[in-house]
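Derivation of every value follows stated rules applied to the coordinates shown; laboratory data play no part. Please read these numbers as outputs of a predicted model, since none were measured by experiment. Neighbour counts run over all protein chains shown; Cβ positions are idealised from the backbone, glycine included.
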Amino acid sequence: MRPTLATISLSALRHNLSVVKKHAPNSQIMAVVKANGYGHGLLNVAKGLSKADGFAVLGINEAIALREAGYRQSITLLEGVFSADELHAVAQYQLQIVVHQREQIMMLKSATVETPISVWLKINTGMNRLGFSPSEFAEVYGLLNDCRVVSNITVMTHFANADQAQGVSRAYSRFQAMLGHLPVKQTLANSAAILLHPETHADWVRPGIMLYGASPVTGQSAAAFGLQAVMSFTSAIISIQTIAKGDGVGYGHLFVADKPMTIGVVACGYADGYPRHAPSGTPIVVNGKLTRTIGRVSMDMLCVDLTELPDTKIGSFVELWGGQNPVDAVAEACGTVGYELLCAISARVPLKVIDGEG
Ligand SMILES: *Cc1c(COP(=O)(O)O)cnc(C)c1O
């Protein structure tokens, strides 16, 4: 069997959930499991995060899959419904919905469903993506309150700059000024705000990336926050080449050796979700030792420098990212964030779930 594999640790998920709890002991936790659980497999991560108070996804099919797997906690659609007909399944499966624009209020107003629906009213405090402006709040809150099917309203916002030290102060004070003394439940904090801005924790926190053991804050490692990598993306050496000074490696000969070298070929490429734009020098671990990638990543393979790793053999273990090589370090070399790499793991990579350290 091709050795390329992503191993998903349930114990790391449970540990990272406990880190959220430690930071926000008085808040309920809505575990964000969108994008197939950030690439880890929706039902895999739900299993590791089964103690969360709720789950959040985007597609109604993901929400139904969680219900049908037996999860009883709240399940929220983060972009709400896209058309009125989805409200039937929302009611049937007792899902909750974000309401971020007026068409969604109209859908609720004319809904014929019998079961009450809990909604999350989204306010735009400066991200300028989804949500009503604070000046519309009183009106739309009233409209929702008057909807026969709406049973419960939690007010929500999402920060544009929660990863920066002073990044939420403006949005946070706008939100508080808007609410005044209205006794409503609130949710504001994603992972970065959970870790950096405790004043924003409120009734519900919405962790995503930190549950998967990657850092939401560029330049600060996940380990420094006490988080454990959940995914270990691994493969093996399938070929070893010795090359002379001046020899090129891979497509376009992007890398040219400036000395005699030993090169290993790893059975992993961009069709597996490893980024094609990873430059030569991207960190990678072979047999537990840190080395670097060499040349252009191809569809099914990439090359690594084995010149200083003479013990490497065909079949030697390679960690592309995981507990030994943080996904954030790989992402930084590629000019992106851990989020993108985790989500991009492709469908041909088998996901193997383990309960312990593995
Ligand atoms: C994705 C998402 C989150 C989780 O964000 P992280 O940075 O991964 O913690 C929280 N809230 C909303 C509305 C989201 O879309």
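So the values come out like this:
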{"quantity": "Dimensionless Rg/Rh of region 246-358 - Kirkwood Rh, Rg from C-alpha atoms", "calculated": "0.96"}
{"quantity": "Size of electric dipole in region 25-124: Cβ of Lys, Arg +1 and of Asp, Glu -1, about Cα centre, debye, nearest 20", "calculated": "280 debye"}
{"quantity": "Span per principal axis, largest first, for the Cα atoms of region 110-250 (Å)", "calculated": "76, 40, 28"}
{"quantity": "Full-extension gain in nm, GLU308 to ALA177, via 0.36 nm per residue minus C-alpha separation", "calculated": "41.2 nm"}
{"quantity": "Exceeding the 27 Å Cα-Cα cut-off - candidates LYS122/LYS352; LYS185/LYS352; LYS21/LYS289; LYS22/LYS47; LYS34/LYS122; LYS22/LYS185", "calculated": "LYS122/LYS352; LYS185/LYS352; LYS21/LYS289"}
{"quantity": "Relative contact order computed over region 62-162 (Cα-Cα under 8 Å; 6+ residues apart), in percent", "calculated": "24 percent"}
{"quantity": "Gain upon complete extension [ALA165, LYS289; 0.36 nm per residue less C-alpha separation]", "calculated": "41.2 nm"}
{"quantity": "Top of GLY323, GLY41, GLY288 by mean-square fluctuation, Gaussian network on the chain, Cα under 10 Å", "calculated": "GLY288"}
{"quantity": "Nonlocal amide H pairs with THR125, under 5 Å, H built at 1.01 Å", "calculated": "HIS158"}
{"quantity": "Binned Cα-Cα distance frequencies in region 293-358 - 10 Å width, integer %", "calculated": "15, 45, 35, 6"}
{"quantity": "Distance between region 52-67 and region 26-43 - C-alpha centres, whole angstrom", "calculated": "9 Å"}
{"quantity": "Column: log10 I(q)/I(0), Debye, Cα scatterers of region 136-209, q = 0.11, 0.13 Å⁻¹", "calculated": "-0.30, -0.42"}
{"quantity": "Isotropically averaged projected area of the chain, using the convex hull of Cα atoms (one quarter of hull area), nm²", "calculated": "19.1 nm²"}
{"quantity": "Residue with peak Gaussian network fluctuation, the chain [Cα springs, cutoff 10 Å], from LEU58, LEU227, LEU290", "calculated": "LEU290"}
{"quantity": "Choice from ALA160, ALA223, ALA138 showing the highest fluctuation, given a GNM over the chain with Cα pairs closer than 10 Å", "calculated": "ALA138"}
{"quantity": "Percent of C-alpha pairs per 5 Å bin, region 207-258, short to long", "calculated": "5, 15, 15, 11, 8, 7, 15, 17, 6, 1"}
{"quantity": "Where only C-alpha atoms are counted, convex hull volume of region 38-197 per residue in Å³", "calculated": "122 Å³"}
{"quantity": "Size-normalised alpha-carbon gyration radius of region 1-88, reference 2.2 N^0.38 Å", "calculated": "1.19"}
{"quantity": "FRET efficiency, ASN26 to ALA65 (Cβ-Cβ, R0 30 Å, nearest 0.05)", "calculated": "0.45"}
{"quantity": "Long-range amide H partners of GLN28 with built H, under 5 Å", "calculated": "TRP204, VAL205"}
{"quantity": "Nitroxide proxy distance, nm - points 7 Å out along Cα→Cβ at PHE317 and MET106", "calculated": "5.8 nm"}
{"quantity": "Contour minus Cα-Cα distance for SER135 and ASP258 (0.36 nm per residue)", "calculated": "38.0 nm"}
